[in-house]
Amino acid sequence: MNLEQRVEQLAGRVQKLDDVITQEKYRDLVTGLRLGSSTSESTPASQEKKDSSPRTPDELRQKFRADIQEGSRLRVGIIGRVKAGKSSLLNALLFDGKDILPKAATPMTASLTVLGYAETPYAEVEFFEQNDIENMRQRAQDYDQEFKRRVNERLEKNQSRVQRPGIRPAPMAADPARIEAAVRRELDDDPTLGGSKKLFDDIQKAGGSPPAASERIESDGIQTLLGKLGDYVGAQGRFTPFTKCMSIYLPLEALKDLEVVDTPGVNDPIVSREKRTFDELHKCHAVLVVSPSGQFLNAQDLNLMQRLVKQDGVEEVFLAASQIDAQMFSSVHQQHKGHLPDVLQGLRETLAQQARTTLPAPQEGGKGLDTLKRELDTRLVITSSVAYTLSSQPESAWDENSHHIHGMLRQSYPTEFAQSQEASRPHYDAIAGIQQTQALLDQVRGRRQSIIESNLLSFLDAQEKVLLQRLKDIPIAIGEQRTRVQNSDGKTLEQQLHAIQQVTEQGVRVVDTAVSAVAQDVSYHLRKDMDAAVEKELDDLKRSTERAKGTSTETYHSDSDSFGAGVKRWFGKLLDEKSWGREERTRTVDTINATEIRTALDKVHSTLSRHLTAPVNQARQDLRPLLESRILGELREKNVVSDREIDLTILSQSCQSVTGKLRDFDDPILPPLPDELLQSGTLRDDAAERYEAKATEYFNSLQSAAKATARNLTREFEDRLGSAGIGALLFEHYQEEIQKLQQQIKDKTRTLQRYDGLLAELKELS
């Protein structure tokens, strides 16, 4: 049997299964089986549920045509989180570091980009659909309502605090603008509300409706085409807010026999764009996972990798640890005594070990991840698009961040970088890692045909396995339902109800215990992050204080003890010459720059609040996939219910609801700057000593307040999460099953006949 025959056979079996279970006469019997039916919901759990369903016949045939019949282009997917550096890396690989591919700060403003080869350059743009815009409109309204609610709540809270006797008002209490700014920062950090608000506002400014469903842009040259694309992906482009996906085809040697998919990031809140993204990723033969080296391989990265490997049979997986430049000035610099090659090697070894620890055990993650874990030495690269810019672009083209990194490199690695750009270029290239990444692509390209064929075979194997599991699970579930109907009478129904109640109680306990464990774990790491941020700020403050201290020399006159000096002083008084009989002396006095210390204290006071709230917001954003994974793991380990009894959609919705409750924490209350510290200029002697003592006292109170706030915030975060009641929400649907069973018993004989008919048709498919 050749590949085409195998595809047609599989498509036919999938179609027959679908024809059976979608019949009107069986629809109510199949509803609620929780066997991973397709869904368009954009959640990790619902996607996992979708992945347990076989692909549709059309999708199977499309995969075969794309791989075998239409030119056999190797498709490489670039995946990772928003702001991981995917577009920057591709710009370096394919466009000499120029910002051709669009970059984005949030999932809402990102764009899916497909790159391919064509003799004549052109591009195809796909715009957002009207229902996407309507969804954004609703979320923008939710943003506005939530903004008003939080501001009013905090104004009332601060007002009540001010009215308490003996309570000095916090600076924010007298400044509603600061409260509004703080609330807006929180909401803007929310990828759903903040991103929707920004994008909808941009859409309104751009006219409110997309120009068309899609558009083709043609040109006679690459530069001309790229110039036109500014209207669709540029920061100020007329159609940028409407752009969902862009396919760019260029006559570049690097793109021959190759297509590259640059994804907007995982967990896209825009349903149609996520679907479009996964449609493109499902066609990929290899993936390059770009993960920031500072937060290397988190749960989102791993979830997406496993999803593609397990369902799509992707066997070629590579890792790029991006933004490595940010990790070169810490303890690793000291550990390797500033020797650049050793620093880079040390970072690479650390990241490789982290990957080995994070990646799943063999056979659990799929063949592609097994190969990656086994061949990390050749499949992991460390990269820096900033370093590539420093190497390849003239200084006039550097942005602010490039200048900053350049200054840090010159300071920390003077031997390599305290010289001309030309002399430093080899060292920039070593950090950039572009040559190594290009070598990976070339190596994959060299095995193009074998990779494509192997990928298709693995894909078909995976799909046949999914179908066989589906053909096994459905009759089992149907048979169990039939047995319940057949054996059900009043007494049996009570027994079943009791059994379901026991399962529910146990399930709730297991889930709530898992959630409590997650709450404790997240709270622990949250506290560590807060304490570390506080300590860093306070250490900086200490250094600023020390820099502000100094000494000065002053001259003064003192009486001499000699007899002659006494006589001179006597005559000096008669003649009004006060200096007669006195000696000129000097002394050293302590000084302190009050202006510098006051400025440093003001800065720390304002930044500490941000450092105390930012980790909470980040923890909330990363929480949902962690909760889902931990809950599923505990339910499976305790064998409370089978996998098919777990409604993943309800699980995801419950976890989403919980993360929505982890908001509106009290603003950090830090002691205001005492009046004694509101001085300016240089203070001397006793005044300097008193100012320093007061600054030290305030420093200690600030430290105590910050740590108390961190302790209270993490405790409240843990308490809210631990009491969320996810278990009750997850098992609530069991009552619906009881009601369904009661209804079926009313027409017991006819229901049994329908179950028998369905089971007979399913048996013919096995």
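The values are calculated or read from the model by the stated rules, or taken from the named source; none is laboratory data. Values in this document were obtained by computation on a predicted structure and should not be read as measured data. Don't worry about glycine lacking a Cβ; one is built from the backbone with ideal geometry, like all the others, and counts go over all protein chains shown.
Name the one entry in S391, S402 that is of a type in the set (S, T, N, Q), part of a helix (DSSP H, G or I) and over 27 Å from the mean Cα position of the chain (by Cα).
Details: S402 fails: over 27 Å from the mean Cα position of the chain (by Cα).
Result: S391 is the single residue among S391, S402 that is of a type in the set (S, T, N, Q), part of a helix (DSSP H, G or I) and over 27 Å from the mean Cα position of the chain (by Cα).
Yes or no, residue by residue, for (1) modelled with pLDDT under 80; (2) touching a strand residue (DSSP E or B) at 6+ places or on another chain (Cβ under 7 Å):
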| position | (1), (2) |
| --- | --- |
| D262 | no, yes |
| L308 | yes, yes |
| Q323 | no, yes |
| V332 | no, no |
| A355 | no, yes |
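Looking at the range 172-189, I want the residues that are under 10 Å from F147 (Cα atoms) and among the basic types (K, R) and have a partner that is part of a helix (DSSP H, G or I) and at pLDDT 85 or above with Cβ atoms under 8 Å, at least 6 apart or on another chain. Which pairs are those?
If the second residue must be part of a helix (DSSP H, G or I) and at pLDDT 85 or above, the pairs left are R184/F147.
State yes or no: is V466 under 29 Å from the mean Cα position of the chain (by Cα) and among the β-branched types (V, I, T)?
no
Collect the residues in the range 497-556 that are of a type outside the set (G, A, S) and outside any helix (DSSP H, G or I), keeping them in residue-number order.
To start, the set of residues in the range 497-556 that are of a type outside the set (G, A, S) comprises 497-498, 500-506, 508-513, 515, 518, 520-522, 524-531, 534-543, 545-547, 549, 551, 553-556.
K549, T551, T553, E554, T555, Y556 - these are the residues of the range 497-556 that are of a type outside the set (G, A, S) and outside any helix (DSSP H, G or I).
Six or more apart or on different chains, Cβ atoms under 7 Å: show the pairs whose first residue is in the range 740-766 and farther than 21 Å from I21 by Cα and whose second is acidic (D, E) and modelled with pLDDT of 75 or more.
Partner pairs satisfying both residue conditions: none exist.
When you check L302 against the structure, is it surrounded by fewer than 21 Cβ atoms within 10 Å (Cβ to Cβ) and within 21 Å of R75 (Cα to Cα), yes or no? Steps first, please.
On the way: surrounded by fewer than 21 Cβ atoms within 10 Å (Cβ to Cβ): yes; within 21 Å of R75 (Cα to Cα): yes.
Yes; evaluated as a whole, the condition is true for this residue.
Scanning for something modelled with pLDDT under 70 and in contact with a Gly (Cβ under 9 Å, 6 or more places away or on another chain), does the range 648-659 turn up at least one residue?
Yes - at least one qualifying residue is present in the range 648-659.
Identify all residues within the range 409-423 that are over 15 Å from L344 (Cβ atoms) and either without any contact (Cβ under 8 Å) to a residue 24 or more places away in the chain or under 27 Å from the mean Cα position of the chain (by Cα) (or both); write none if there are none.
The answer is R410, Q411, P414, A418, Q419, S420, E422, A423.
Having 3 or more residues that are in contact with a Leu (Cβ under 8 Å, 6 or more places away or on another chain) and at pLDDT below 85 is the bar; report the helices (runs of 4 or more DSSP H) wholly within the range 705-766 that clear it.
By residue number, 734-745.
Scan the range 523-541 and give yes if some residue there is polar (S, T, N, Q), at pLDDT 80 or above and within 24 Å of the chain's Cα centre (by Cα), otherwise no.
To start, the set of residues in the range 523-541 that are polar (S, T, N, Q) comprises 523.
Retained after the next criterion (residues that are at pLDDT 80 or above): 523.
Narrowing the set further to residues that are within 24 Å of the chain's Cα centre (by Cα) leaves 523.
Scanning the range 523-541, I find at least one residue that is polar (S, T, N, Q), at pLDDT 80 or above and within 24 Å of the chain's Cα centre (by Cα), so the answer is yes.
Report, ordered by the first and then the second residue, all pairs with beta carbons closer than 6 Å, sequence separation of six or more or different chains, a first member in the range 536-548 that is within 20 Å of T682 (Cβ to Cβ), and a second member that is surrounded by 13 or more Cβ atoms within 10 Å (Cβ to Cβ) and β-branched (V, I, T).
Listed by first residue and then by second, the contacts come to L541/V604; T545/I597; A548/I592; A548/I597.
I'd like to verify a number: residues in the range 306-359 that are of a type in the set (S, T, Y) and touching a residue at least 40 places away in the same chain (Cβ under 8 Å), how many?
2
Can you tell me which residue within the range 107-136, out of those that are over 24 Å from the mean Cα position of the chain (by Cα) and part of a helix (DSSP H, G or I), is nearest to L225 (Cα to Cα)?
Selected residue: Q130.
Is one or more of the residues making up the range 628-646 in contact with a Cys (Cβ under 6 Å, 6 or more places away or on another chain), at pLDDT 75 or above and assigned to a helix (DSSP H, G or I)? Quick ask: steps written out before the conclusion?
Taking the range 628-646 as the starting set, the residues that turn out to be in contact with a Cys (Cβ under 6 Å, 6 or more places away or on another chain) are 628.
Still in the running and at pLDDT 75 or above: 628.
From what's left, assigned to a helix (DSSP H, G or I): 628.
Yes, there is a match, as at least one residue in the range 628-646 is in contact with a Cys (Cβ under 6 Å, 6 or more places away or on another chain), at pLDDT 75 or above and assigned to a helix (DSSP H, G or I).
Counting residues that are within 21 Å of the chain's Cα centre (by Cα) and hydrophobic (A, V, I, L, M, F, W, C), which helices (runs of 4 or more DSSP H) fully inside the range 239-340 reach at least 2?
On the way: elements: 271-281, 299-312, 331-335.
Because the criterion is at least 2 residues that are within 21 Å of the chain's Cα centre (by Cα) and hydrophobic (A, V, I, L, M, F, W, C), the helices (runs of 4 or more DSSP H) in the range 239-340 that meet it are 271-281, 299-312.
So is K472 in a helix (DSSP H, G or I), closer than 30 Å to Q753 by Cα and modelled with pLDDT of 85 or more or not?
Taking the combined requirement at face value, the residue satisfies it.
Please note which helices (runs of 4 or more DSSP H) are completely contained in the range 1-83 and include at least 1 residues that are within 30 Å of S450 (Cα to Cα), modelled with pLDDT of 80 or more and over 37 Å from the mean Cα position of the chain (by Cα).
In the range 1-83, the matching helices (runs of 4 or more DSSP H) lie at 3-21.
Does G195 satisfy the criteria of being at pLDDT below 85, assigned to a helix (DSSP H, G or I) and under 22 Å from the mean Cα position of the chain (by Cα)? Steps first, please.
Numbers: at pLDDT below 85: yes; assigned to a helix (DSSP H, G or I): yes; under 22 Å from the mean Cα position of the chain (by Cα): yes.
Answer is yes for this residue.
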